[in-house]
Amino acid sequence: MEYNGRESDHLMLITPERVFYAGLLGRPRKRTPGCCHVYVAVKGNLHLTIDDALATGELFVTLPNQRHSIASDYRTAISVTLEPESMPDGVIEALAERLTGPDRAVYARKILAAYALLRQRRYGDITTAEFDEMCFGEALPRRVLDPRVMRAVARIERFSGEPVTADTCATEAGLSASRFLHLFKEETGISFRSFRAWKRARHLLHFANQDLNLAHLAQDIGYPDSTHFSHSIRRFYGLKPRAIFVGSRDLAIYRSTETVRLAEAS
């Protein structure tokens, strides 16, 4: 496990398939992330808005690409994110039903206990199964991807700054572009273009507590220009890139060994 950050109650643990974040939510603007979010209040309540309908409570789940805004009574809130391509179809929906059902308070306490554990740093490296056990009390089913799609996913997640195109991935897979795009969506449940856009924005999290030139960062992680970078980040996170960096100055960031390995392969 690699640590990169400050001594703080605000922390983020990043693995290739999961993120545990405890920190500021920023202003409650609409966001449309490409992952599942499990939001838990540290104190007081959360306020979730979907389609102009407001709900208040201690735990909420939003599905991938579901437009919403979230606000908290307390300055720190918890967000556990799950990447949809890592699980078979229907798993996220079933998890959401369990978490928001009669045992909602039990799951909220479980995730708060995981936060307390992470604050004490009583963990070594962590697998997806161990992460799920820590947060939900069970290891969620894993999706097994076609090796050709797995290679494309790995290429996208290297973030070398060079654009990853469907044509390149199709050639590597020995398929036509159209057949590859069909296979990719069939295997992951997500279009190639949407997957690539979300992973690019997700990669920003690794640098959120650093003092960087944002224009250079945008180029390094594959954005064609600063305008595209800003629009994409606002769509996924509901915040401008600068606001994310300002709000993350005291954020301690941990990365799993697998996450570090992918980064070093860039």
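Condition check for THR76 on (1) in contact (Cβ under 8 Å) with a residue 60 or more places away in the chain; (2) more than 18 Å from the chain's Cα centre (by Cα): one failure, at (2).
For the range 23-80, the set of residues classified as open to solvent by less than 40 Å² (accessible area, probe 1.4 Å), part of a strand (DSSP E or B) and among the polar types (S, T, N, Q) consists of THR49, THR62, SER69, SER72, SER79, listed by residue number.
Restricting to the range 97-125, name every residue that is closer than 25 Å to GLU157 by Cβ and out of contact with any helix residue (DSSP H, G or I) (no Cβ under 8 Å at 6 or more places or on another chain). Once the filter is applied, which keeps residues that are closer than 25 Å to GLU157 by Cβ and out of contact with any helix residue (DSSP H, G or I) (no Cβ under 8 Å at 6 or more places or on another chain), the range 97-125 yields LEU118, GLY124. Comparison of TYR39, TYR107, TYR74 shows that the only residue that is outside the structural domain of THR188 (by the TED database), at pLDDT below 95 and among the hydroxyl-bearing types (Ser, Thr, Tyr) is TYR74.
Okay, residues lined up against (1) open to solvent by less than 30 Å² (accessible area, probe 1.4 Å); (2) of a type in the set (Ser, Thr, Tyr); (3) within 16 Å of the chain's Cα centre (by Cα):
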site: PRO224; (1), (2), (3): no, no, no
site: ARG235; (1), (2), (3): no, no, yes
site: ILE244; (1), (2), (3): yes, no, yes
site: GLY247; (1), (2), (3): yes, no, no
site: ILE253; (1), (2), (3): yes, no, yes
site: SER256; (1), (2), (3): yes, yes, yes
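Being farther than 25 Å from VAL149 by Cα, among the small types (Gly, Ala, Ser) and within 20 Å of the chain's Cα centre (by Cα) is a property that ALA116 lacks.
When only residues in the range 134-147 that are hydrophobic (A, V, I, L, M, F, W, C) and open to solvent by less than 40 Å² (accessible area, probe 1.4 Å) count, which is nearest to HIS182 (Cα to Cα)? Out of the qualifying residues, it is LEU145. Among the conditions (1) over 30 Å from PRO147 (Cβ atoms); (2) in contact with a Ser or Thr (Cβ under 7 Å, 6 or more places away or on another chain); (3) in contact (Cβ under 8 Å) with a residue 40 or more places away in the chain, ASP125 misses just one, which is (1). Out of the residues in the range 113-133 meeting the condition of being open to solvent by 30 Å² or more (accessible area, probe 1.4 Å) and part of a helix (DSSP H, G or I), tell me which one is farthest from ASP103 (Cα to Cα). That would be GLN120.
Determine whether THR56 is outside the structural domain of LYS199 (by the TED database) and under 28 Å from ASP125 (Cα atoms). So THR56 does not fit the description; no.
Helices (runs of 4 or more DSSP H) wholly in the range 143-245 with at least 3 residues that are farther than 29 Å from GLY23 by Cα and either free of Cβ contacts under 8 Å to residues at least 12 places away in the same chain or outside the structural domain of GLU85 (by the TED database) (or both) - which ones? In the range 143-245, 147-156, 166-173, 177-188 are the helices (runs of 4 or more DSSP H) which contain 3 or more residues that are farther than 29 Å from GLY23 by Cα and either free of Cβ contacts under 8 Å to residues at least 12 places away in the same chain or outside the structural domain of GLU85 (by the TED database) (or both).
The values are calculated or read from the model by the stated rules, or taken from the named source; none is laboratory data. Keep in mind that what you see is a predicted model, and the values were worked out from it rather than measured. Backbone-built Cβ (ideal geometry, glycine too); neighbour counts: all protein chains shown. Side chains are part of the model used for accessible areas, which takes the heavy atoms of the whole protein and leaves out ligands, DNA and RNA. Shrake-Rupley method; radii C 1.70, N 1.55, O 1.52, S 1.80 Å.
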